[in-house]
Structures are given as structure tokens and as C-alpha cells.
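Read through the structure below, which is laid out as C-alpha cells, and then see the notes.
Please treat every number below as a calculation from the coordinates, not as lab data. Because the structure is a prediction, the values reported are computed rather than measured. Cβ sites come from the backbone with ideal geometry, for glycine too, and all protein chains shown count toward neighbours.
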Amino acid sequence: MFHGAFSALVTPFRDGAIDEKALRELVEWQIQSGIDGLVPCGSTGESATLSHAEHEQVIKVVIDQARRRVPVVAGTGSNSTAEAIRLTTYAREAGADGALLISPYYNKPTQDGIYRHYKAIASAVDLPLIVYNIPGRTGSNIAPETFARMCDIRNVVGIKEASGSMDQCSDILKLCGERLTMLAGDDSLTLPLMAMGAKGVISVITNIMPREMHELAAAGLEGDFARARDLHFRMLPLMRALFIETNPIPIKQACALMGKCSNEVRMPLVPMTPPAAEKLRAAMKTAGLI
């Protein structure tokens, strides 16, 4: 259902508030650049420090600006099942095409608890759901066997896999086959995961290189891995530079350098340190972006 390069959008801020003008312009540029889909209010969108009203505002603005030209998969995850249901219900009512739900963080539920969390959301809201596994942020991993169990939940349609383990991804793909669409959760693993059967990526670098990542994903879907490999190696230094410090600090700085929005992030995140910012600038110059 969801294939290609989806952009994990930053949330532009100005003087502490959401910069709606910059957000709309970013969405428009993404679509004009060939992006396959948009994901507002994920980790890159600083959802953890958005108020509920702001969370809903960002989702609504992105859906409104996209105007059905590309799918919008709204980030609606929470470590509270009830809150995740509420946010996902709002996304459906606002017109989202799907929802991205991070595995419950901090609580560290058992594998059965993780399964029941997604089962409860899927039962409450009739919307295609993508399960987001990122152990580095949540403190727990979704086991391949738990993903296999989720194959029985009708409206769980995909996986954003950011464990960083190729062995884990291999096991998930083997167990789930074509039933759940895997999307890479790490830009640098898009190519190898697509070679194993993943269908694309939910990407950070797309905030500044949407066309190139779209082309990489399209090449992978077409089986043209020589073309995909060329694009992968061209973008790899910048992919790495965007994670010199905690995401989304570097991508916000990169967007600022390109005039897409300010580099403003919300506490406890802070702007890049000067040495790290200089490394990012150098990588962007090499990539021809500035």
C-alpha cells in the first residue's frame, strides 16, 4: 500500500510556535520534487514536544497542503494506548491515508503487551497502520515473531524498521512475506533492505534531497540496483552527517542552510555545536546543496 520514499517531515518553528508558512512551503517543495509520501509528527517532527493541539495542527496543515497528491501517513504514536487511539482517531477524521505508530517507549511492555497495544488501536480506528520499531528510542525491540503475529491484524499494513539489525530485518521479511510492507527506518539501510524485499523508506534526508531519495527507491522497486547503488553512495556521506548529533538537530540545521526553515528546535534539544555544524556544512557543499 505504501511504497517508495516517504519524507519524515521536520516541524518548522519560529519564536517557539509552529511556522505554518514554512511547513506549507516545505510540503509543496517535497511534492514538486517527486516525493512518494509525507509523514508529519514522527520523531523527526519533534512530536514528543508538540502539544496535542499542535500535533493536530501539523497533521491538518500537511493534509490540507498535500491535497491528496501524495499519501499522508500521520505520526500518532504514544506510550499510552488510549492516547495513541485518540491521536489516530483524529488523523483518520482529518483525512490521513495512514498512521505511523511508534512502539510504546519508557513503559517497556512485554512482546504480548506490544501486540495488544497495536491490536487495540487497530480495533478502535479503521485506518491503515504502520508499526514503527526503533529500539534506540523506545528501550525495547519488537521481535520478528511479534511482527508475524501482527499479520493477523487486518489494518496493520506495514513496518518502519529502525533496529539497525539486518539479521532482524531478514527474519521479519521471511516470516511476514508480502503481508506487511517493510519500509527502512534508516536512510543508509534503504538500499540493502530493498535488495532483501523492503519497498522503500521513511526518510530524514528527504527533507533536503527528496528527488534523489525518490529516485533511489524507484530504482530499487524496479530492480535497477546499479542505479540505486550509485545514488546510495552519492548520498551516504550526507546521510551520516545528518546523524552526527541527535535527529532532528542536524536536519533542522540543514534545512536552515537551504532556507527551508529556521534551525529552531525545542528543549531539551538544542542547536548543533559549531564543530558538528561545520562538518554538516562541508557534507552539504560536497553534495551540491549549498
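Once you put a point 7 Å from the Cα of Glu93 and another 7 Å from the Cα of Arg154, both along the Cβ direction, what distance in nm separates them?
Between Glu93 and Arg154, the simple spin-label model gives 2.2 nm.
Restricting attention to the alpha-carbon atoms of region 124-248, what are Rg (one decimal) and Dmax (integer), both in Å?
For region 124-248, the Cα-based Rg and Dmax read 14.6, 44 Å.
In a GNM of the chain with a 10 Å cut-off on Cα contacts, which of Ala122, Ala48, Ala226 has the highest mean-square fluctuation?
Largest GNM mean-square fluctuation: Ala226.
Which value results for Rg/Rh of region 1-139 when Rg is the Cα radius of gyration and Rh the Kirkwood radius based on the inverse mean 1/r? All intermediate terms of the calculation are to be shown ahead of the outcome.
Numbers: Rg = 14.5 Å, Rh = 15.1 Å.
Using only Cα positions, Rg/Rh for region 1-139 is 0.96.
How would you rank Phe2, Phe233, Phe243, Phe147, going from fewest to most other Cβ atoms within 10 Å of each one's own Cβ?
Working: Phe2 22, Phe233 10, Phe243 16, Phe147 26.
Fewest-to-most ranking of Phe2, Phe233, Phe243, Phe147: Phe233, Phe243, Phe2, Phe147.
For Gly37, what residues show an amide H to amide H distance below 5 Å, using hydrogens built from the backbone and excluding near sequence neighbours?
Amide H neighbours of Gly37, under 5 Å, 5+ apart: Ser7.
Using 0.36 nm times the number of residues separating Arg240 and Gln32, minus their current alpha carbon distance, what extension gain do you get? Before the final figure, lay out the partial values.
Working: separation 208, 0.36 × 208 = 74.88 nm, distance 2.56 nm.
Additional length available on full extension: 72.3 nm.
If you take every DSSP beta bridge fully contained in region 4-222, what fraction is antiparallel? Give it as a percent rounded to 5. Mind showing how you got there, number by number?
On the way: 2 of 27 bridges.
Percentage antiparallel, nearest 5: 5.
Considering only Cα-Cα distances, which of the following residue pairs are longer than 23 Å: Lys60/Lys108; Lys160/Lys260; Lys60/Lys260; Lys199/Lys279; Lys119/Lys252; Lys252/Lys285?
Values: Lys60/Lys108 31 Å; Lys160/Lys260 26 Å; Lys60/Lys260 20 Å; Lys199/Lys279 31 Å; Lys119/Lys252 34 Å; Lys252/Lys285 16 Å.
From Lys60/Lys108; Lys160/Lys260; Lys60/Lys260; Lys199/Lys279; Lys119/Lys252; Lys252/Lys285, over 23 Å: Lys60/Lys108; Lys160/Lys260; Lys199/Lys279; Lys119/Lys252.
Around Leu193, with a cut-off of 14 angstrom between Cβ atoms, what is the net charge of the other residues, counting Lys and Arg +1 and Asp and Glu -1?
Working: positive: Lys160, Lys174, Lys199, Arg229; negative: Glu161, Asp167, Asp171, Asp186, Asp187.
It works out to a net charge of -1.
Enumerate the amide H contacts of Gly4 below 5 Å, restricted to partners 5 or more residues apart or on another chain; note that Pro and chain-start residues carry no placed amide H.
Amide H to amide H, under 5 Å and 5 or more residues apart or across chains, Gly4 pairs with Gly200, Val201.
Could you give the length gained by full extension between Ser170 and Arg69, i.e. 0.36 nm per residue of separation minus their alpha carbon distance, to one decimal place?
Details: separation 101, 0.36 × 101 = 36.36 nm, distance 3.26 nm.
Taking 0.36 nm per residue and subtracting the Cα distance, the gain is 33.1 nm.
From zero outward in steps of 5 Å, how is the percent of C-alpha pairs of the chain spread across the bins?
1, 6, 13, 17, 20, 18, 14, 8, 3, 0
If amide hydrogens are placed 1.01 Å from N in the peptide plane, which non-local residues have theirs closer than 5 Å to the one on Ser262?
Close amide H contacts, sequence-distant or interchain: Phe13.
With the convex hull built on the Cα atoms of region 227-290, state its orientation-averaged projected area in nm². Could you put the intermediate results ahead of the total?
Details: hull surface 17.5 nm².
Orientation-averaged projected area of the Cα hull: 4.4 nm².
Around His52, with a cut-off of 10 angstrom between Cβ atoms, what is the net charge of the other residues, counting Lys and Arg +1 and Asp and Glu -1?
Numbers: positive: Arg86; negative: Glu54, Glu56, Glu83.
Once positives and negatives cancel, what remains is -2.
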